[in-house]
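Heads up, the thing below is written out as structure tokens.
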Amino acid sequence: MISVIEREVVDKRNWCSREDIMDMVVIAESTPGVIAVNSATFVGYKTAGVLGAIIATIGVTLPSFLIISGLYFAMDAFLTNVYVAAAFKGVRICVAVLIFRAIISLFNLMDKKAFCFVLLVGSFIVASFTDFNVIFIILIGAILGLLYTNFIDKRQMIVCKVEDDDQRSEK
Amino acid sequence: MIFLQLFWTYFKIGLFTIGGGYAMLPLVRQQVIGVYVPEELFWNMLAVSEATPGPFAINLATFVGMNVGINQGGVLLGFFGAFVATTAVILPSLVIVTIVSTVFIKFKSSKFIQGALYGIRPVVVGLVFSALVMVTLTLILPNLKLDDLANSTFGGFDYVSLILLIVFAALSFVKIKGKRLNPLVLIGISAVVGIGVFGFAGL
């Protein structure tokens, strides 16, 4: 996805620099929400300010909105068809694999200290076996991360893998 | 009013998920399944959302909103529901990314934000892993109902789905010219295999 954005936005339109794309990746991965939407908001903002951010965000969302709204009405008819239902059953299995792939890339983003693995296992157990609100699990993770990095392990944190390139662009 | 409630739910989903659309799944599982859509329909929506263009979390939000609206009475309310859910899920992104873009240097060097992110990242991995376990369980134990555990059983082990799961997982690690298979290709393959195995062979 990043290479497609880079080609469109940097090479074709000249809206952003290559360094901006690096920043975009860092921001998109460390702010809430869907990464594709965050990327669009960032590029829109860089190009044309707040209005640009709004327009780019609408732009990246609109196809989903239109396609899914249309498909919704076809879905009932679809699913009563034996073969379509069979295809969906196949895709559902594939979705599990895609979630697994997402977990691997999320895992690559996190630090590999024992503290992090405790949080990982802890959140897994609480989310799997209790009804504890997921939002609170995330907030507790944030607080513990804050305490750990400010009081226990004060070394320089790695924001993201493209950090080195960012430092270059700041000079 | 259900639309306000829907807006609030999706606003929270958009606000508290760091790490992309898949990171939303744990929250969606807890706050959407059984509340706005029945479980079976939800899994089908998830499959359609993956197989259509656009970020799947946005597709899913539109889907759920549409369903809520239509159940309130008619197509127009359906579109309104879709609009509400989609807007709610992107609104936090829009505001936060715009602010962060203006103060990016401070954002990057802020001990407060980076410390919080340091803790959030592993938590999200654990949460999404928990969601994956749920998804896998519903695939291989079709009689298990997440929103009605009291009335579900562990019977009817679906070994065909388990085998396919392992096959697709292996396939997803196959590299062609140093690149892993595109998710859309993987989805296409799984649809065709699904038709063959569940449709024609009738397993």
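Side notes on the structure shown:
- Scanning region B:5-26 for residues that are facing chain A (nearest Cβ under 7 Å), part of a helix (DSSP H, G or I), touching a residue at least 24 places away in the same chain (Cβ under 8 Å) and over 30 Å from residue B:192 (Cα atoms) gives B:14, B:15.
- Number of the condition not met by residue A:74 [criteria: (1) at pLDDT 85 or above; (2) within 30 Å of residue B:81 (Cα to Cα)]: (1)
- Residue pairs meeting the criteria (Cβ under 7 Å; at least 6 apart or on separate chains; first at positive phi, in region A:21-35; second outside any helix (DSSP H, G or I) and modelled with pLDDT of 85 or more): A:33/B:17
- Here residue B:110 meets each of (1) closer than 23 Å to residue B:23 by Cβ; (2) buried (at least 22 other Cβ atoms within 10 Å of the Cβ) with one exception, condition (2).
- Filtering region B:52-77 to residues that are farther than 19 Å from residue A:62 by Cβ, of a type in the set (A, V, I, L, M) and touching a residue at least 24 places away in the same chain (Cβ under 8 Å) leaves only B:68.
- Entry remark, region B:6-24: residues being modelled with pLDDT of 90 or more and among the aliphatic types (A, V, I, L, M) number 3 in total.
- Listed by position, the helices (runs of 4 or more DSSP H) inside region B:32-122 whose residues that are closer than 20 Å to residue A:44 by Cα number at least 3 are B:75-102, B:104-109.
- Annotation note: of B:102, B:86, the sole residue that is of a type in the set (Ser, Thr, Tyr) and either surrounded by fewer than 24 Cβ atoms within 10 Å (Cβ to Cβ) or at pLDDT below 90 (or both) is B:102.
- Flag for residue B:39 being touching a Cys at 6+ places or on another chain (Cβ under 8 Å) and at pLDDT below 90: no
- Residues located in region A:116-139, provided they are at the interface with chain B (Cβ under 8 Å from one of its Cβ atoms) and crowded, with 18+ Cβ neighbours inside 10 Å: A:116, A:119, A:120, A:123, A:124, A:127, A:134, A:137, A:138
The values are calculated or read from the model by the stated rules, or taken from the named source; none is laboratory data. Small disclaimer: the values here were computed from a predicted structure and weren't measured. Glycine also receives a Cβ, built like all others from the backbone with ideal geometry; neighbour counts cover every protein chain displayed.
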